[in-house]
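A.B. asks: Please see the structure below; I have some questions.
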Amino acid sequence: MDFKNGKELLALCAADEKKISKVMVEREIFLGGVTETDIYQRMKRALAIMTDSVHAPLKKPVKSMGGLIGGEGKKVLEYQGNARALCGPVMTKAISYALSVLEVNGSMGLIVAAPTAGSSGVVPGSLIAIAEEFDMSEEVLIEALLNASAVGYILTRNASVSGAEAGCQAEVGAASAMAASAIVEMLGGSPEASLSAASMALSNLLGLVCDPIGGLVEAPCQSRNAAGVANAFTAAQLALSGIYHHIPFDEMAQAMYDVGTALPFELRETALGGNAAAPTACTLCKKCK
């Protein structure tokens, strides 16, 4: 039941008409020596942490260690009541949740790195908002996380999810791809549609650099998580509409990795280029706590 790439994953799905989440469960049982109950219990624990991290800052905003972010999640949710709010309820909630997770991370709280701390808001923000808005069960959410984990596993194995290695496209880009794939499964799409959405999400953020102000996982990381949510929603909606990305997922993963390793080191989490090198960013850096 093992798979090394998207092509092999889809073959396993097609063989027994299984969802990606189900194949991922069977892979873990086969290779990890665990039971299905063990897997679901671990995923419930991860989901509980995710749920707390998206909600806690909305009740009590927290300032980050560097002082660059704090309270943004609550502001976005409150703005939804404005007559000119551009995003609908589910998108607004997802963005708000993604921002909140970065607040928790920036204040040294407990989060799930999915796949990394710097991109930890995209998956929970997207999936929990959708589940709440459409009144979906915990089981559906756990299956969505298993779908996302399959995509994350493939990217980790064949490309990268490290900003230091391949830029923010490998962090927020990977998280957005994971979320896009999971959203498609949540809403009844096929495994092929899931991986097409993941491929499109990677493509849309191809070349995104990693340039944290002051070397902190705060800004522009937080707002990029919001962008990752919007990208995941867009890619999922397109795939569910029957609009597939032209480049297969495995080829897109390789392209992302090639682009990432071609980025100059200043744009790979060194805080020496991009946003981090702007004069105002340098001034802010001096004021960081």
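The values are calculated or read from the model by the stated rules, or taken from the named source; none is laboratory data. Keep in mind that what you see is a predicted model, and the values were worked out from it rather than measured. Heads up, the Cβs are rebuilt from the backbone with ideal geometry, glycines too, and the neighbour counts pull from every protein chain shown. Accessible surface areas use protein heavy atoms only, side chains included; no ligands, DNA or RNA. Shrake-Rupley method; radii C 1.70, N 1.55, O 1.52, S 1.80 Å.
A.B. asks: Just to confirm a number: summing +1 for Lys and Arg and -1 for Asp and Glu over residues other than residue 33 whose beta-carbon lies under 14 angstrom from that of residue 33, what do you get? Can you show the working numbers first?
C.D. replies: On the way: positive: 27, 42; negative: 2, 26, 28, 36, 38.
It works out to a net charge of -3.
A.B. asks: Sticking with this structure for a sec: Counting pairs of alpha carbon atoms under 8 Å apart in space and at least six apart in sequence, what relative contact order in percent does the range 120-214 give?
C.D. replies: On the way: 111 pairs, mean separation 28.5, N = 95.
With pairs under 8 Å counted, the relative contact order is 30 percent.
A.B. asks: Which value results for Rg/Rh of the chain when Rg is the Cα radius of gyration and Rh the Kirkwood radius based on the inverse mean 1/r? Walk me through the intermediate numbers first.
C.D. replies: Working: Rg = 18.1 Å, Rh = 18.8 Å.
Taking Rh as the inverse mean 1/r over Cα pairs, Rg/Rh reads 0.97.
A.B. asks: Still on this structure, I have one more. Hey, got the dipole for the chain? About the Cα centre, +1 on K and R Cβ, -1 on D and E Cβ, debye to the nearest 20?
C.D. replies: Working: 22 positive and 29 negative charges, 220 e Å.
About 1060 debye.
A.B. asks: Applying the Karplus parametrisation 6.51 cos²θ - 1.76 cosθ + 1.60 with θ = phi - 60° to the phi angles of the range 46-55, what ³J(HN,Hα) value in whole Hz is obtained for each residue in order, glycine and proline being reported as x?
C.D. replies: 4, 5, 4, 5, 4, 4, 5, 6, 7, 9
A.B. asks: Quote the FRET efficiency, to the nearest 0.05, computed for residue 262 versus residue 286 with a Förster distance R0 of 41 Å and r equal to the Cβ-Cβ distance.
C.D. replies: On the way: r = 32 Å, r/R0 = 0.78.
Calculated transfer efficiency: 0.80.
A.B. asks: Oh, and also: Could you calculate the contour length gain from residue 65 to residue 192, that is, 0.36 nm times the residue separation minus the distance between their Cα atoms, to one decimal place in nm?
C.D. replies: On the way: separation 127, 0.36 × 127 = 45.72 nm, distance 4.17 nm.
Residue separation times 0.36 nm, minus the Cα-Cα distance, leaves 41.5 nm.
A.B. asks: Something else: Under the rule a/c < 1.5 gives rounded, and otherwise a/b versus b/c splits prolate from oblate, where does the range 160-289 land using the Cα gyration tensor? Intermediate results must be reported in sequence, preceding the final value.
C.D. replies: Details: a/c = 3.33, a/b = 1.98, b/c = 1.68.
In terms of gyration-tensor shape, prolate.
A.B. asks: By per-residue mean of other Cβ atoms within 10 Å, what is the highest-first order of 188-195, 268-275?
C.D. replies: Working: 188-195: 21.9, 268-275: 18.9.
Final packing ranking: 188-195, 268-275.
A.B. asks: Also: Measuring from label point to label point, each 7 Å out along Cα→Cβ, what is the residue 11 to residue 135 span in nm?
C.D. replies: Simple spin-label model gives 4.3 nm for this pair.
A.B. asks: A further question on this structure: Only sites in a loop by DSSP and with at most 10 other Cβ atoms within 10 Å count here; which GluC sites (Glu not before Pro) in the range 1-34 make the cut? Could you put the intermediate results ahead of the total?
C.D. replies: Numbers: sites: 8, 17, 26, 28; in loops: 17.
Passing both the DSSP loop test and the Cβ count: 17.
A.B. asks: Express in nm, to one decimal, how much length is gained between residue 84 and residue 278 on full extension, taking 0.36 nm for each residue of separation and deducting their alpha carbon distance.
C.D. replies: Gain on extension, residue 84 to residue 278, equals 66.7 nm.
A.B. asks: Rounded, prolate or oblate: which one fits the range 1-160, using the alpha carbon gyration tensor with axes a ≥ b ≥ c (rounded when a/c is under 1.5, else prolate when a/b beats b/c, else oblate)?
C.D. replies: On the way: a/c = 2.25, a/b = 1.83, b/c = 1.23.
In terms of gyration-tensor shape, prolate.
A.B. asks: From the C-alpha coordinates alone, can you work out the Kirkwood hydrodynamic radius of the range 113-226, in Å? Don't skip to the answer; put the middle values down first.
C.D. replies: On the way: mean 1/r = 0.0719 Å⁻¹.
For the range 113-226, the Kirkwood estimate is 13.9 Å.
A.B. asks: Hey, which of these cross-link pairs are over 24 Å Cα-Cα: 18/44; 4/93; 93/287? Provide the component values of the computation, followed by the final result.
C.D. replies: Numbers: 18/44 22 Å; 4/93 34 Å; 93/287 31 Å.
From 18/44; 4/93; 93/287, over 24 Å: 4/93; 93/287.
A.B. asks: Can you pull out the trypsin sites (Lys or Arg not before Pro) in the range 19-110 that DSSP calls coil and that have at most 10 other Cβ atoms within 10 Å? Display every interim value, and only then the final one.
C.D. replies: Numbers: sites: 19, 22, 27, 42, 44, 45, 59, 63, 74, 75, 84, 93; in loops: 19, 63, 84.
Answer by residue number: 84.
A.B. asks: Past 26 Å, Cα to Cα: identify those pairs from 22/60; 22/75; 63/286, in the order given. Could you put the intermediate results ahead of the total?
C.D. replies: Values: 22/60 37 Å; 22/75 38 Å; 63/286 17 Å.
Pairs exceeding the cut-off: 22/60; 22/75.
A.B. asks: Quick check: the distance between the Cα centres of the range 178-223 and the range 57-132, to the nearest angstrom?
C.D. replies: Their Cα centres are 16 Å away from one another.
A.B. asks: Each label point is 7 Å from the Cα along the Cα-to-Cβ direction; what then is the distance between the points at residue 45 and residue 113, in nm?
C.D. replies: Computed distance between label sites residue 45 and residue 113 equals 1.7 nm.
A.B. asks: By the gyration tensor of its Cα atoms, with a ≥ b ≥ c the square roots of the eigenvalues, what is the shape of the range 199-251: rounded for a/c under 1.5, prolate for a/b over b/c, or oblate? Provide the component values of the computation, followed by the final result.
C.D. replies: Working: a/c = 4.73, a/b = 2.04, b/c = 2.31.
The shape class here is oblate.
A.B. asks: With every protein chain present, what is the per residue accessible area of the chain (1.4 Å probe, Å²)? Walk me through the intermediate numbers first.
C.D. replies: On the way: 12380 Å² over 289 residues.
Per-residue accessible area for the chain comes out at 43 Å².
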